[in-house]
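First the structure, in the form of structure tokens, and then the observations on it.
The values are calculated or read from the model by the stated rules, or taken from the named source; none is laboratory data. What you see is a predicted model, and the numbers here were worked out from it, not measured in a lab. Note that we place each Cβ from the backbone using ideal geometry, even for glycine, and neighbour counts take in every protein chain shown. Note: areas computed on protein heavy atoms with side chains; ligands, DNA, RNA excluded. Shrake-Rupley method; radii C 1.70, N 1.55, O 1.52, S 1.80 Å.
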Amino acid sequence: DPLLGEEACDTARNAAKNAGFLERKVFHCDKAEHWQEAVAEANAMSLFADKSLIEMRASPGKIEHALLLDYLKQPSPDNVLLLITDKVESTSQKTQWFKALEAACTYVPVAPLDTARFPEWLAIRAQRAKVRLSKDALNLLASQTQGNLLAAAQEIEKLALQFGEAEIGVEQV
């Protein structure tokens, strides 16, 4: 799900920022030269520049494995690499480049939310936003936003803005 993936990336970005990696550079690596530029930036060290978060976005089929393997042998301590891809198939997870990536990095797969767990996710999301939904209101909101986590998250935000911490019933939803 795009929302879960983006929130996972936000968590990684915040952790990097809290660790002193203040500059962020984003590369959309859909061609070999983009990979070369991104890896060169990841390898760059500077005496005066801030430590950087190097964000590389690519589909698994477009990953330049040799460049990535070479970088992973001796990553720069001045940079954190955040590699964002679509789903990495199980066959790719058995390859040399993926095993090297997994050994040197933290791998965070983001799977779609199971339909049966959606109401629980919605309730937790509402609780974090301090939105108090009645059981019927939660069920109605879940049925109206089923399968669309972004829409559900936006509805929770709207309810929080409109009603604050008051109990919210079906009528308000």
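Number of residues in region 120-146 that are closer than 17 Å to residue 162 by Cβ and part of a loop (DSSP other than H, G, I, E, B) equals 4. Considering region 92-113, and only residues there that are charged (D, E, K, R) and closer than 14 Å to residue 60 by Cβ, the residue that is modelled with the highest pLDDT turns out to be 94. Annotation: of all residues in region 87-103 being surrounded by 14 or more Cβ atoms within 10 Å (Cβ to Cβ) and either of a type in the set (A, V, I, L, M) or on the phi > 0 side of the Ramachandran plot (or both), the one that is farthest from the chain's Cα centre (by Cα) is 100. Pairs meeting the criteria (first residue in region 146-173 and free of Cβ contacts under 8 Å to residues at least 24 places away in the same chain and within 14 Å of residue 123 (Cβ to Cβ), second residue outside any helix (DSSP H, G or I) and open to solvent by 60 Å² or more (accessible area, probe 1.4 Å), beta carbons under 7 Å, at least 6 apart or on different chains) are lacking. Applying the set (1) of a type in the set (A, V, I, L, M); (2) surrounded by fewer than 16 Cβ atoms within 10 Å (Cβ to Cβ); (3) at pLDDT 95 or above to residue 116 leaves exactly one unmet item: (3). Is it the case that some residue within region 54-70 is out of contact with any helix residue (DSSP H, G or I) (no Cβ under 9 Å at 6 or more places or on another chain), touching a residue at least 24 places away in the same chain (Cβ under 8 Å) and within 24 Å of residue 16 (Cα to Cα)? Scanning region 54-70, I find at least one residue that is out of contact with any helix residue (DSSP H, G or I) (no Cβ under 9 Å at 6 or more places or on another chain), touching a residue at least 24 places away in the same chain (Cβ under 8 Å) and within 24 Å of residue 16 (Cα to Cα), so the answer is yes. Looking only at residues in region 128-143 that are without any contact (Cβ under 8 Å) to a residue 24 or more places away in the chain and closer than 22 Å to residue 112 by Cβ, the one that is surrounded by the most Cβ atoms within 10 Å (Cβ to Cβ) is 138. For region 26-33, check the following and say yes or no: at least one residue is within 17 Å of residue 108 (Cβ to Cβ) and not hydrophobic (A, V, I, L, M, F, W, C). So far as region 26-33 goes, no, none of its residues is within 17 Å of residue 108 (Cβ to Cβ) and not hydrophobic (A, V, I, L, M, F, W, C). Of all residues in region 5-51, those satisfying the criterion of being open to solvent by less than 50 Å² (accessible area, probe 1.4 Å), within 21 Å of residue 77 (Cβ to Cβ) and in contact (Cβ under 8 Å) with a residue 60 or more places away in the chain are 12, 13, 16.
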